Each structure stands twice: as structure tokens, then as C-alpha cells.
Amino acid sequence: MFSDTKRLEGHRLQLTTVRSLEFTGSLLQSKSYPSNSEKSMPKRAIKRTATATESNDQYLRVRLKALEIPPIKDGVVIGRGAAIGAEALRRTMKLISREPFDHFSVKDDIISDVIIRASVLKKITREKCEKFILTRVKPVMSETELLMLDIEIEVVMEASV
């Protein structure tokens, strides 16, 4: 992660990570009106402009990231009360990803389903994956959440030749 700050026409542009961009700038800018139109403007608008430029500056912070397709890297754990269910999420994944995802239900009071990349289940069994999710993920999850899984598996092989 690196940080690079530059000034751009009175705004601050800060690059916080390689894929993350933060922009902070003043939302309220003073506008110059010709004297004739200033008279026709409502007093409320003129007053608001004058006070906003003097003391009540407002700032906007936006973090931009590239949209990753599919939005689910290796899997998702679906809570019982989540806003989207397993079937709708499976259909969405079929539409936006070429990679196959497997689905299994979990008999639990917090977690209802798990959708996981099929290539992950070639490296570990479904039972080990479910056990890991129930022991490690469940304690930090609420039943209304969808938690994305970014799984790193290292397979070490040995053979005598």
C-alpha cells in the first residue's frame, strides 16, 4: 500500500492503494452571479451561498475500486436472515461467471448456506470446508450477513523419483 497526495485545483487527490482512489474536495463552491441576476435570486439562496463559503464547508470522500467480476472470489457464506437467498445468488453467479460454484446447506441457527467455487472443493473436502466455516467463520457472523470468502489453499506434494 502506498500513499501519494497531489493538489488539483484546490482539491486533494490521494491514492491509497494500487486499486483504491480517494478524492476529497469541497462540495460547496462560491458562484459568481451578475448583479442583475443576483437581485432576481431568492434571498434564501444568496444567504445560503454566502454562509456556506465562509464557514460551513462540506467535504465528500469517495473510494473508487475496480469492479471485480464475479464479485465473489472463492465463496460466500449466507446467513439465515440475509437479504438474498442461496438460490437467487446461485442464479446470479451462473449469469456473471463461467466458473462453476457448488452449493451446500448447513444445519445451523446462524448460517443457512454456503456457495463455494468448485475448484476449491477439489483441494479440500466439503466436510472440512463446512467444519472450518462453522468453527472459524460462524463466531464472527450475524444471521443477516453475507460473508465473502477469499480462500488460500496450499497443497504440498512429495514423491520419490
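Derivation of every value follows stated rules applied to the coordinates shown; laboratory data play no part. Just so it is clear, the model here is predicted, and its values are computed rather than measured. Using ideal geometry, Cβ is built from the backbone for each residue, glycine included, and neighbour counts are taken over all protein chains shown.
Quick grid of which residues meet (1) more than 16 Å from K73 (Cα to Cα); (2) surrounded by 11 or more Cβ atoms within 10 Å (Cβ to Cβ); (3) acidic (D, E); (4) without any contact (Cβ under 8 Å) to a residue 40 or more places away in the chain:
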| residue | (1), (2), (3), (4) |
| --- | --- |
| R98 | no, no, no, yes |
| D102 | no, yes, yes, yes |
| D108 | yes, yes, yes, yes |
| I116 | no, yes, no, no |
| M141 | yes, yes, no, no |
| M148 | no, yes, no, no |
| V161 | yes, no, no, yes |
inquiry  = I need a count of the residues in region 60-109 that are touching a Ser or Thr at 6+ places or on another chain (Cβ under 9 Å), acidic (D, E) and closer than 22 Å to E143 by Cα.
reply    = 1
query = What is the one condition in (1) closer than 21 Å to P70 by Cα; (2) buried (at least 16 other Cβ atoms within 10 Å of the Cβ) that E130 does not satisfy?
reply = (1)
